[in-house]
Amino acid sequence: MPHVEIKNLSKNYGKVKALDNVNLEVFDGEHLTLLGPSGCGKTTILRAIAGLLKPDHGEILFDGRSILDLPPEERDIGMVFQHFMVFPFLDVWDNVTYPLRIKGKSEAEIEEIAVRAMELIGILPRINDFPEELSAPELQKVGLARAFSTGSKLLLLDEPMSNLDSKFRMEFQHELRDLIKKLGLTAIHVTHDQWIAMNISDRIAIMRKGRILQVDTPMQLYYAPNSIFTCNFLSNSNFLEGIVEQKEEGRSVVRLRGFGPKIVIPTDRWERRQRLILALRRNEISFSYAKTSEVNILNASIIDEHFLGSRTIFSLRLENGDLIEAESFTKDIPRDLGREITISFRIADVMSFEYPEDLDYELALE
Amino acid sequence: MGRILIKIEKGLSTRFFRIFGDSFTIGFFLLIIIIPILYIFSFVITKWDSINSTVFNHPITGNGQWFDMLTALGRSFEIAGIVTIIDVIIGLPMALILARYQFKGKKYIDSLIDLPLAVPTAALGFSIYLFWGTKYGISSLFGLQTGLFSEGPLMIMLVHIVFTYPYIVRNLKEVIMRVDRTYEHAAESLGASGFTVFRTITGPLMKEGLIAGAILAFTRSLGETGATLIVYGVSETSPVQIVSWRQLGLFGPAAFLSMILVLVALVLLLLLKLITRRVGLPIHRVFVRTERTLSHPIIRKTRNGLIALVFVLIVILPSLWTFIYVGTNSSTVYSQIFLSADNKLAQFWLSFMNSLSIAGLATLICIVFGIPMALIIVRRNWGRVKAILDTLIDIPLIIPSAALGFSVFVFWGTLGPFGPNGIFSPSYWLILLVHVVFCYPYMVRVLIPIVASIDPGYEEAARTLGAPGFTVFRTCTWPLLKRGVLAGSIITFTRSLGETGATIVVMGLIRTVPVIIVNWVEAQALAASAFACVIIIIFSYILIFFLRKITLANE
Amino acid sequence: MKSSEKISVELRNISKEYEKAPLLQDISLKIPYNSYFSICGPTGSGKSTLLRIIAGLEKQDQGDIFIDGKLMNNVLPEDRGVGMLFEHMTYALFPHLSIYENLIYGQRVRGMASEESEETANEMLRLLMLSDRAKDFPEAMSGGMKQRVALGRALMTGARLILLDEPLGALDAKIRLNLRKELVGMVKSLGNLTVIHITQDVEEALMVSDYIVALFAGKVLQIGTPEEIYNHPNSLEVCSFFSSSNFFEGEIEDLEDDIAVVNLQGSTVRVKTRSFSTGNQVVVAIRATDLSIQKEKTSDINQWDGIVLQHQFNQGIMRYQIELETKQMVIVNQPYNEKLTFKANEKVAVVFSPRNIFLFPHPGESLEKKIIK
């Protein structure tokens, strides 16, 4: 199975750096997603791997061999597209068998491989239909079967679910993940949808403005993001400014700005008097508390309440004037909640970052 | 797929073949199409002395011919100018109707608009001449003994209006449809009445298209030869002047005038491409009450009715009058065609065969060389070079047919760069060459949007599935292109069928149907002309009908 | 809704057909001044058509529209005093006019332009926080800025009734959230506006509205505050569309003093209700958040055995898809707890709390069609 390596890949369009010295390794059999806002370079990487685009510098290796000089038709890849790209003038069978006929395989071989693929993926009943008779998820499945017929073990996916109704997306993402694992493929998947990425990837590479910020498992990215951007992109978090007042082993005390309340954070890697941004996920703020050494407790006033059905979001003001949001299951909200309340959150849940030069830029989603 | 075939296609997909193919396509384009046209400049320069003596310093007429030239040019411009303005006035509302309203029979009106495009210029000219200028036309309804108009500038204008009308309407319709209706809804919701919406929102958003359409109509009128030949009378337009001089063997002046026309056309083309945003429509002052009244449904309905009437009276009826003429004068037609001394039937049949075979061959050549050109323009990233190619392709479209014909005639003939015997003398092959020059831009222009509409993602998908370049073309691009090629072929074929002006200039003894029509009109054998017209109009219209079916099916 | 409130828009028995199929069926609504109404329902329910009829861009086949108490059936859009915001991408801001010219367009075409208009426009620019961008063109602005200008432009005509048709379209989730907040904030700070907002995004409707009109297949099924719609749905459609719920078919075994005893997949449930009788076939709805999972059954009451089919993590909430021993599929949403997660094919027990259960009459064969998600 293929092991893909990208080394020092760069691509410029005039003054714009679409890819800025990118390094990435994709392991055998893993489902790796390139995630980021539009313009971050994720599609550029995918197209470079496919050979549809020539990078300015850098290397791309399949199993240790450079493939940079090979045209797409000679790279061992299968690709699935956002707009499916199922040939409208061929029926499903001819579409799926296309790569096999191009290679000049025998009729028997063609039938065996194609039928197996279509059975596994579940579109065998549609074998004689034309694309115009198929629904969007069915078209994507045809694309998948066709890519699989190439015999390649590397599957490239370019926003495969962006053109599906949100209704279908939920089910389809699981089907897709399961199919890819069943077929034993290595998958490199591009998307801008955090949801999809979090749910089906083994690892995610977060990208922004041509650079990879972090590569990790979904859980790790959610609970231990290494940048404010990633934290904001993947979660609904509150960001608070503060200064380190005290340090002890494994912990520090941070005083929020404007001589605000003190918050204990679970790390000692910052210096005293260093300015920080703390991040707190809004669904980890609780209205009930037990006073323990594992928990931060703060006073707050409720400014606003937004009922969202199963969840309710509160706008709260802290003692120093900072505004934060807290999210809770509606059924878990205490009935007698007044205007002045006490909130609590675990020390272990607080994330901290060095205060950036341009906070607005870090918090932007583009 | 056989292993051998795979190997061959892989070989054909190499870089070498791609470069070879590109060069060959561009080479063909330059040698057969562009250079012959531009040769006229070189010709005029080298033959300046003889031109000078005939045009400016003729021993007998002095600069009489130069004077004639200027008059003819002036007349051409005047007519073109007036015609364009009238076109915009009567064409814009029609384009609005077609773009915005839905009603029964809209499809038929739509194809009727195309009528003048489909019909050979000579046939159309003849039909219009019959209608307005003889006692067999509209005069017969009033019992008059002569036509309403005599041959001359007014008649020429009437003819030109009919020709340019479809260009303007088609162009404007497309431009209007490209304006997002949401802007108009927004303006309405803010309180603007219909007329105000058009003037302040739709108008400014489509003004570039409007100017482009006007320039196109202007050039079409400037270049119109075939029909004008039939109705010119004493007042000659420039293209007609060229034809006369050519027939009299006065190549010098013909060349000079051709060169001027080519120059004018090139300038207009550049203007077209450089349309600026500086032209503005007055949108800052709003005359609320007047515009509200103008937007009233009754005014709107009257306007629509008037436009429809004008359309029928000026465009449709004259164009189809030949049919009525043939119907009411069938005995004369019969005797002139079947019982004539010079066997007109045989003449007609021969010319019809010539027309068909030339059209067929020209179309084939255009397909073979047009497809790669369309692919180059849409798909290759050559930046500036692409833009230049794109502009060059339009040249044959804009140049008056007589000037173009003359240019080609000179290039390949005894006066050209290939020595005293030239390569082609006036003959079947020269006519074919001229027709290729004409039809090529049509084919390429039709193909370009079709190629552009093919999502390159399909070809990318095919490549990731393992298909080398040539195989991608054969298995993926071609199936998606087929319909477009068919449409382009029909357009090319009809264009060739209808070509008059240039053919007359280059022909020797070979005649095509449009040429015969002109001849017979000159010989006053009106009924015979009518017959030829009717046949070729029916034939062309059937072709256009199929064209519509195909393109509609595509949508 | 208090009946003494002044009404901005009133619809009476509005109906419309399209090619013999009913688009809108007998719609009657009263929308008071200064309220934020959203019309929410699945695609094809007729929301856009209804909005366009209110705006006057389309005509109803039957029924009457009143705006500010006046009959509007034959009044042209430009005379209805309504401001409309269009699709989210361009908001139909005129690309060839500057921001200032866009704002002042409405007054100009109504012949209302004057020196005062210039002052009003500048004041509006200030309110929209765009004073320094007056001479810029729409293409140079971000989505949020365009939204503000579009709102301002509609208001400059003096319109106090604003219609929004899916103003946030199919934007990226997080960007949509931010734009939504901006929109609500803008509306609040401009004050004195009646807003009708069309959306198929349930969360959006719940978040921005004072009242929600639930529109399904051309019919108004329910009107209420977000709480009312969510906590007291009056039909299967409303219940399934506005929340993530599980549906069980059952039968009423016994009925005493308004408490119905329902047989639910082998378990017995007691539900407070007044509208049923013994033997009725019913559908019971339980929210996904009202179910929870644990390792194994600790009781035979209100608990079922099941197997985890799939799980999904989203922003701290785990969504489990479980197949019960009775072959019924259920969805369970609960907060992510790293010490207590379950994997696919694991055997679990599903616990439900009898507190929030909804009872609906069984609609017979059309059960599938009524459950919308």
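Quick one: what are the phi-derived ³J(HN,Hα) couplings along the range A:296-304, Karplus 6.51/-1.76/1.60 with θ = phi - 60°, whole Hz, x for glycine and proline?
Karplus-based 3J(HN,Hα) across the range A:296-304 equals 8, 10, 9, 8, 8, 10, 7, 8, 7 Hz.
What average count of beta carbons from other chains do you get within 10 Å of the Cβ of residues in C:312-321?
On the way: counts 7, 6, 5, 12, 9, 5, 0, 2, 0, 3.
Mean partner-chain Cβ count within 10 Å for C:312-321: 5.
Along the range C:69-83, what does the Karplus equation 6.51 cos²θ - 1.76 cosθ + 1.60 (θ = phi - 60°) give for ³J(HN,Hα), rounded to whole Hz, x for Gly and Pro?
Going residue by residue, I get x, 9, 5, 10, 3, 10, 8, 5, x, 5, 9, 8, x, 10, x Hz, with x marking Gly and Pro.
To the nearest 0.05, how large is the calculated FRET efficiency for B:PHE17 and B:GLU208 if R₀ is 45 Å and r is the Cβ-Cβ distance? Mind showing how you got there, number by number?
Numbers: r = 40 Å, r/R0 = 0.89.
Result of the calculation: an efficiency of 0.65.
Find which of A:VAL96, A:GLY242, A:ALA197 sits farthest along the positive direction of the dipole of chain A, computed with +1 on the beta-carbon of Lys and Arg, -1 on that of Asp and Glu, about the Cα centre.
A:GLY242
Given the C-alpha centroids of the range C:314-333 and the range A:218-243, what is the distance between them in whole angstrom?
Using only Cα atoms to place each centre, the spacing works out to 28 Å.
Each label point is 7 Å from the Cα along the Cα-to-Cβ direction; what then is the distance between the points at C:ASN302 and A:LEU120, in nm?
4.7
When the dipole is taken about the Cα centre of the range C:107-209, and only Lys, Arg (+1) and Asp, Glu (-1) are charged at their Cβ, what size is it in debye, to the nearest 20?
On the way: 14 positive and 15 negative charges, 15 e Å.
The calculation lands at about 80 debye.
Counting pairs of alpha carbon atoms under 8 Å apart in space and at least six apart in sequence, what relative contact order in percent does chain A give? Mind showing how you got there, number by number?
Working: 741 pairs, mean separation 58.4, N = 366.
Contact order relative to length: 16 percent.
So what is the relative contact order of the range C:7-238, in percent, for Cα pairs below 8 Å that sit 6 or more residues apart?
Values: 421 pairs, mean separation 66.6, N = 232.
Relative contact order here is 29 percent.
B:ILE82 to B:LEU266: extension gain in nm, 0.36 nm per residue of separation minus the Cα-Cα distance?
Working: separation 184, 0.36 × 184 = 66.24 nm, distance 2.10 nm.
Once the chain is fully extended between B:ILE82 and B:LEU266, it gains 64.1 nm.
Can you give the relative contact order of the range A:236-355 as a percent, counting alpha carbon pairs under 8 Å and 6+ residues apart? Walk me through the numbers before you get to the answer.
Values: 273 pairs, mean separation 35.7, N = 120.
In percent, rounded to a whole number, it is 30.
Within a 10 angstrom radius of each residue's Cβ in C:102-113, how many Cβ atoms of other chains show up on average? Whole number is fine. Please list the in-between numbers first.
Details: counts 2, 0, 0, 9, 6, 2, 10, 15, 8, 7, 2, 3.
Per-residue shielding by partner chains comes out at 5.
Relative to the compact-globule scaling 2.2 N^0.38 Å, provide the ratio for the alpha-carbon radius of gyration of chain B. Intermediate results must be reported in sequence, preceding the final value.
Working: Rg = 25.0 Å, N = 555, 2.2 N^0.38 = 24.3 Å.
Taking N as the residue count of chain B, the ratio is 1.03.
Along the positive direction of the dipole of the protein assembly as shown (beta-carbon charges: Lys, Arg +1; Asp, Glu -1; about the Cα centre), which of B:VAL310, B:ALA265, C:PRO354 reaches farthest?
In the protein assembly as shown, that residue is B:ALA265.
Given the peptides B:514-524, B:379-389, arrange them by the average over their residues of other C-beta atoms within 10 Å, most packed first. List each step's numbers first, then the result.
Numbers: B:514-524: 20.8, B:379-389: 12.0.
In descending order of packing, they fall as B:514-524, B:379-389.
Take B:VAL312 and B:PHE41, extend 7 Å from each Cα along the Cα→Cβ direction, and tell me the distance between the two endpoints in nm.
The two pseudo-label positions are separated by 5.0 nm.
Label-point separation (nm) for B:TYR334 and C:ARG274, each offset 7 Å from Cα along Cα-to-Cβ?
Computed distance between label sites B:TYR334 and C:ARG274 equals 9.6 nm.
When you count, for each residue, the other Cβ atoms within 10 Å and take the mean per peptide, how do B:180-191, A:23-34, B:254-265 rank with the highest first? Each step should come with its number before you reach the end.
Working: B:180-191: 20.9, A:23-34: 18.8, B:254-265: 24.3.
By packing density, highest mean first, the sequence is B:254-265, B:180-191, A:23-34.
Could you line up B:PHE531, B:PHE126, A:PHE287 from fewest to most neighbouring Cβ atoms inside 10 Å?
Numbers: B:PHE531 26, B:PHE126 30, A:PHE287 17.
Least to most surrounded, the residues fall as A:PHE287, B:PHE531, B:PHE126.
Ignore the peptide's own chain and count Cβ atoms of other chains within 10 Å of each Cβ in A:308-314; give me the average, rounded. Before the final figure, lay out each step's value.
Numbers: counts 8, 15, 11, 5, 2, 1, 0.
What the average comes to for A:308-314 is 6.
Specify which residue in the list B:MET69, B:ILE34, B:PHE24 is farthest towards the positive end of the charge dipole of the range B:1-83, using unit charges on the beta carbon of Lys, Arg (+1) and Asp, Glu (-1), about the Cα centre.
Selected residue: B:PHE24.
Let's test the formula: R0 of 35 Å, r as the Cβ-Cβ distance of B:ILE299 and C:ASP136. What FRET efficiency results, to the nearest 0.05? Walk me through the numbers on the way to the answer.
On the way: r = 38 Å, r/R0 = 1.07.
E(calc), rounded to 0.05, equals 0.40.
Across the range C:7-238, what fraction of all alpha-carbon pairs, as a whole percent, falls in each successive 5 Å bin from zero upward?
1, 6, 14, 18, 19, 17, 12, 7, 4, 1, 0, 0
Please report Rg over Rh for the range A:4-230, where both radii come from the alpha carbon positions and Rh follows the Kirkwood definition.
Details: Rg = 17.6 Å, Rh = 18.1 Å.
Over the Cα atoms of the range A:4-230, Rg/Rh equals 0.97.
Suppose R0 equals 30 Å; then what is the FRET efficiency for A:ASN299 and A:GLU354 from their Cβ-Cβ distance, rounded to the nearest 0.05? Each step should come with its number before you reach the end.
Values: r = 28 Å, r/R0 = 0.92.
After rounding to 0.05, the efficiency reads 0.60.
What number do you get for the range A:237-363 when its Cα radius of gyration is normalised by 2.2 N^0.38 Å, N = residues?
Values: Rg = 14.8 Å, N = 127, 2.2 N^0.38 = 13.9 Å.
Compactness ratio reported: 1.06.
Out of all DSSP beta bridges with both ends in the range A:4-230, state the antiparallel percent to the nearest 5. Walk me through the numbers on the way to the answer.
Values: 19 of 36 bridges.
Antiparallel bridges: around 55 percent, rounded to the nearest 5.
Sort B:488-500, A:187-199 by the packing proxy (mean of other Cβ within 10 Å over each peptide's residues), most packed first. Could you put the intermediate results ahead of the total?
Working: B:488-500: 25.5, A:187-199: 22.8.
Highest mean packing first, the order is B:488-500, A:187-199.
Amide H neighbours of A:LEU308 under 5 Å, counting only residues 5+ apart in sequence or on other chains, H built in-plane at 1.01 Å?
Correct list: A:ILE313.
Quick one: B:LEU154, C:LEU179, fewest Cβ neighbours within 10 Å first, how do they rank?
Details: B:LEU154 16, C:LEU179 21.
Fewest-to-most ranking of B:LEU154, C:LEU179: B:LEU154, C:LEU179.
For A:SER235, what residues show an amide H to amide H distance below 5 Å, using hydrogens built from the backbone and excluding near sequence neighbours?
none
Measuring from centroid to centroid over Cα atoms, what is the spacing of the range A:1-73 and the range C:171-219 in Å?
41
Show me the helices of chain C, taken as full DSSP H stretches, that run 18 Å or more along their long axis by Cα and average 0.0 or above in Kyte-Doolittle hydropathy. It would help to have the intermediate numbers written out before the result.
Numbers: long enough: C:115-127 (19 Å, -1.21); C:143-156 (20 Å, 0.11); C:173-190 (26 Å, 0.16).
Both cut-offs are met by C:143-156, C:173-190.
Taking N as the number of residues in the protein assembly as shown, what is its alpha-carbon radius of gyration divided by 2.2 N^0.38 Å?
Values: Rg = 37.9 Å, N = 1294, 2.2 N^0.38 = 33.5 Å.
Relative to the rule-of-thumb radius for its length, the protein assembly as shown sits at 1.13.
Determine the calculated [θ] at 222 nm for the protein assembly as shown from helices alone, applying -39500 (n - 2.57) to every DSSP H run no shorter than 4 residues and normalising by the residue count; nearest 500 deg cm²/dmol. Don't skip to the answer; put the middle values down first.
Values: 49 runs with 594 residues, N = 1294.
One gets -14500 deg cm²/dmol as the mean residue ellipticity at 222 nm.
In which sequence would B:MET443, C:MET145 go, from the one with the fewest C-beta neighbours within 10 Å to the one with the most?
Details: B:MET443 30, C:MET145 20.
If I rank by nearby Cβ atoms, fewest first, I get C:MET145, B:MET443.
Where the centre of each part is set by its Cα atoms, how far does the range C:98-166 sit from the range A:306-366, in angstrom?
Taking the Cα centre of the range A:306-366 as reference, the centre of the range C:98-166 is 34 Å away.
Quick note: the coordinates plus some simple rules give every number you see, no bench work behind them. These numbers were taken from a predicted model, which means no experiment stands behind them. Glycine also receives a Cβ, built like all others from the backbone with ideal geometry; neighbour counts cover every protein chain displayed.
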